[in-house]
Number of protein chains: 2
Amino acid sequence: MFEPVTIKDIAKALGLSTSTVSRALRDTHEISAATKKIVLAYAKEINYQPNPIALSLKERRSKSIGVVVSEVANSYFSQAINGIESIAYDRGYHVIISQTHESYDREVINVQHLASRSVDGLLVSLSSETTDISHLSSLHERGLPIVFFDRVADEIDTHKVIANNEKGAYQATEYLIKQGYQRIAHLTSSKHLSISIERLSGYEAALRDHNMEVSSSYIKHCLHGGMLPEETETAIKELMSLKEKPDAIFVAGDRLSTGCLSVFKKLSIAVPEEIAIAGFSNSDVLDLFNPSLTSVRQPAYDIGQLATEMLLQLIEAKYPVEEFEKKILATDLYVR
Amino acid sequence: MFEPVTIKDIAKALGLSTSTVSRALRDTHEISAATKKIVLAYAKEINYQPNPIALSLKERRSKSIGVVVSEVANSYFSQAINGIESIAYDRGYHVIISQTHESYDREVINVQHLASRSVDGLLVSLSSETTDISHLSSLHERGLPIVFFDRVADEIDTHKVIANNEKGAYQATEYLIKQGYQRIAHLTSSKHLSISIERLSGYEAALRDHNMEVSSSYIKHCLHGGMLPEETETAIKELMSLKEKPDAIFVAGDRLSTGCLSVFKKLSIAVPEEIAIAGFSNSDVLDLFNPSLTSVRQPAYDIGQLATEMLLQLIEAKYPVEEFEKKILATDLYVR
DNA sequence: CTGAAAGCGCTAACAT
DNA sequence: ATGTTAGCGCTTTCAG
């Protein structure tokens, strides 16, 4: 039904062979200027577009990279994607985005699909459910370039780009401490995620450095990182029903932070009078919130750009790369 | 470097022909149960994945659909995308998302790329810059199925799915009128966008039905739909420097609505005391805003689903479809 | 400088 | 039931 123009059509119309046409279009030297001109003119006239599918099949590369994130409806990821695209498009690569919705199964399916679809490389931020990463390590072992960003898998030896989650968490927690809060809880995403581990560690370090106790009853995990509102609500209710109610919470995630505010609003708990909040967020409408949210902002756009540059370096490397780096970018604390 | 397993590898390893292997994997009847079992077992063992590129080339279809939106970092679009994916994945189609960032040039490039990449169909919401739609109509004439959603092109005869923008705008404007506001301005996106036209028309109808005058000085267009904060700020400043300052604004877009609130905050203009706002928005953190925003919410997820169903119907139609529909879904007014 | 032919991975018509 | 062959669109030897 939809029949694009092929090199064959041009050849037939011009009484040439397909190879000659191909050469004219590819601009090789082994072609007469005259023929080239004719072919190019005709190609433009009929708006010839080479078929990238055929090209991919031939060259075994697609000039496209796959991106695996949990949700595009997340400021952090949409900003990172913009960073990714900015580099990729400049370098002639196309970007295929896929969402896991924090589901491990979805992640496996998406990764398989992208790989079989001949993406030349993968930019991955793990889903919160993922613990087994064999779907990625097997591809990586077989030579598919992969760069992790945000939620990384330490088991796989490749480039990684993350924000300084530990320091960001430390600063946010310290901010709450300096504001005079005494019982600071921590609400975070699933336990095994690299970002959760790093942010937890920053939180604990800040407490310890200020001679405050780390209590496990103050630390709540949400397996789906706030995707399910009930999860957040349950965690908050548990915290608020402790004998020693916390007077502040450091929240380690975008959706979780806004989710928290919603829950408090719903439960009519005054923020920051009854409980103060500081949390990670890259939302760009944060300044419209009331109560306001002191937040740690990650350089999502830069992270996306850097990860893409590193991936393209791997893809275009002449020789297998053996040395891998983990880049750590600074966060910003916005006090509100 | 990255060498996936092919049907040929299996054939060689098992001493069969490629076609036999293909038949075993395709599960045709003309194959012995024994061979089939052997092939399937071996395929599973080495984790064989068929190469969809080769398949696309052969079958001239890719089982994938392209999506063209302005920004994924926009609640409306990210929700629509989720709706799109929910249907597409169920039906075995993959979704390739591309962003125009409200740029016409980018839209042309993306559409060309998607088409040449052999997507089986296109879901399109036009960029705010787009007036010339020949990049789409030429593809459409050549038989590529296209369904428009949100920002549609009336010139192209195909399925369209939109929210009831006119009624939504009418209700929001009427709400402001009933609150007692007298001088209601209208801030909207670029003039030629279908959504702008529809929403403007609802706004004007509401004013007229309540015997209020429509004044062109009260209507401000932002060519980039609020993508550029200066645009919004300039428009607001112009409105606020009129002799007869408006006492309310009906805002016709997500980014524009939040952008408006930001500008008022920046300029220390009290909302809703000095000026009231009602606007289109699909943000899911609207309830955390202060000042709060009365908003028209579109059924973005449903729109995405419906548009996808219609597109797949076109793609899978046995005979060329001649009758096209424009589906109009109801909006919701959230008074805050 | 140009054409014929092979091959990328896969399927399907045609043989056997 | 299985193998052989051709062909999807393109590039690239290999011949001429």
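Every read-out reported here was derived from the displayed coordinates using simple, explicitly stated rules and does not represent laboratory data. None of the values given here were measured: they were computed from a predicted structure. Backbone-built Cβ (ideal geometry, glycine too); neighbour counts: all protein chains shown.
Only helices enter this figure: runs of n ≥ 4 DSSP H residues, each worth -39500 (n - 2.57), summed and divided by the residues of chain A, yield -13500 deg cm²/dmol at 222 nm to the nearest 500. Considering only GluC sites (Glu not before Pro) in DSSP loops that have at most 15 other Cβ atoms within 10 Å, the longest stretch of chain A without any of them is A:31-154.
Kirkwood radius and radius of gyration were both taken over the C-alpha atoms of segment A:178-247, and their ratio Rg/Rh is 0.97. Within a straight-line Cα-Cα reach of under 21 Å, B:Lys245 can be paired with the following lysines, leaving aside sequence neighbours fewer than 8 residues apart in one chain: B:Lys178, B:Lys220, B:Lys237, B:Lys265, B:Lys266. Summarising the rotation from chain A to chain B, the nearest chain A beta-carbon to the axis and its distance in Å are given as A:Asn290, 1.
Need one word for segment B:1-89: rounded, prolate or oblate. Basis is the Cα gyration tensor (sqrt eigenvalues a ≥ b ≥ c); a/c below 1.5 gives rounded, then a/b vs b/c decides.
Values: a/c = 3.00, a/b = 2.62, b/c = 1.14.
Note, shape of segment B:1-89 comes out prolate.
The shape of segment B:59-160 can be summarised by an equivalent ellipsoid whose semi-axes, obtained from the alpha carbon gyration tensor, come to 19, 17, 12 Å from longest to shortest. FRET efficiency for the pair A:His192 and A:Tyr334, taken as 1/(1 + (r/R0)^6) with r the Cβ-Cβ distance and R0 = 30 Å, rounds to 0.60. For chain B, the Kirkwood hydrodynamic radius comes to 22.4 Å, computed from all pairs of different C-alpha atoms. One quarter of the surface of the convex hull around the alpha-carbon atoms of segment B:7-50 equals 2.6 nm², the direction-averaged projected area. Once divided by 2.2 N^0.38 Å, the Cα radius of gyration of segment B:80-134 becomes 1.20.
Model label sites at B:Ile109 and A:Ser201, defined 7 Å from Cα along the beta-carbon direction, differ in position by 3.9 nm.
Look at the dipole of the protein assembly as shown built from charges on Cβ: of A:Ser138, A:Leu228, B:Ile219, the Cα furthest out on the positive end belongs to A:Ser138.
Could you grab the relative contact order for chain A? Cα pairs under 8 Å, six or more apart, rounded to a whole percent. Walk me through the numbers before you get to the answer.
Details: 600 pairs, mean separation 61.6, N = 336.
Relative contact order comes out at 18 percent.
A Förster distance of 41 Å, applied to the separation of the beta-carbon atoms of B:Asp284 and A:Thr6, puts the FRET efficiency at 0.30.
Against the empirical curve 2.2 N^0.38 Å, the C-alpha radius of gyration of segment B:205-318 lands at a ratio of 1.32.
Once both labels are positioned 7 Å from their Cα atoms along Cα-to-Cβ, the gap between B:Val214 and A:Asn47 label points is 3.5 nm. Alpha carbon centre of segment A:47-104 versus segment B:58-73: separation in Å? Comparing the Cα centres of segment A:47-104 and segment B:58-73, I get a distance of 11 Å.
Fewest neighbouring Cβ atoms within 10 Å first, the residues B:Arg151, A:Arg199 line up as B:Arg151, A:Arg199.
Once backbone amide H atoms are built at 1.01 Å from N, A:Ser64 has A:His94, A:Asp120 as its partners under 5 Å, excluding neighbours fewer than 5 places away on the same chain. Counts of other chain beta carbons within 10 angstrom of each beta carbon in peptide B:281-288 average 5. Across the copies of the chain, A:Ser217 has label points (7 Å from Cα along Cα→Cβ) spaced 6.6 nm apart, shortest distance listed first. Would you please classify the overall shape of the protein assembly as shown from the alpha carbon gyration tensor, given that a ≥ b ≥ c denote the square roots of the eigenvalues, rounded means a/c under 1.5, and beyond that prolate means a/b larger than b/c while oblate covers the rest? The shape class here is oblate.
Straight Cα distances below 17 angstrom link A:Lys243 to the aspartates and glutamates A:Glu213, A:Glu274, with same-chain residues fewer than 8 positions distant left out. Charged side chains reduced to their Cβ positions (Lys and Arg at +1, Asp and Glu at -1) give the protein assembly as shown a dipole of some 1420 debye around its Cα centre. Counting only lysines at least 8 places from A:Lys44 when in the same chain, those with an alpha carbon closer than 20 Å to its own are A:Lys8, A:Lys12, A:Lys36. As a proxy for reagent exposure, ranking A:Met310, B:Met212, B:Met227 by other Cβ atoms within 10 Å from fewest up yields B:Met212, B:Met227, A:Met310.
Dipole orientation for chain A: of the candidates A:Thr6, A:Ala172, A:Leu16, A:Leu16 has the Cα lying most toward the positive pole (charges on Cβ; Lys, Arg +1; Asp, Glu -1).
Residues A:Arg61, B:Arg336, A:Arg117, A:Arg255 in ascending order of nearby Cβ atoms (within 10 Å, fewest first): B:Arg336, A:Arg61, A:Arg117, A:Arg255.
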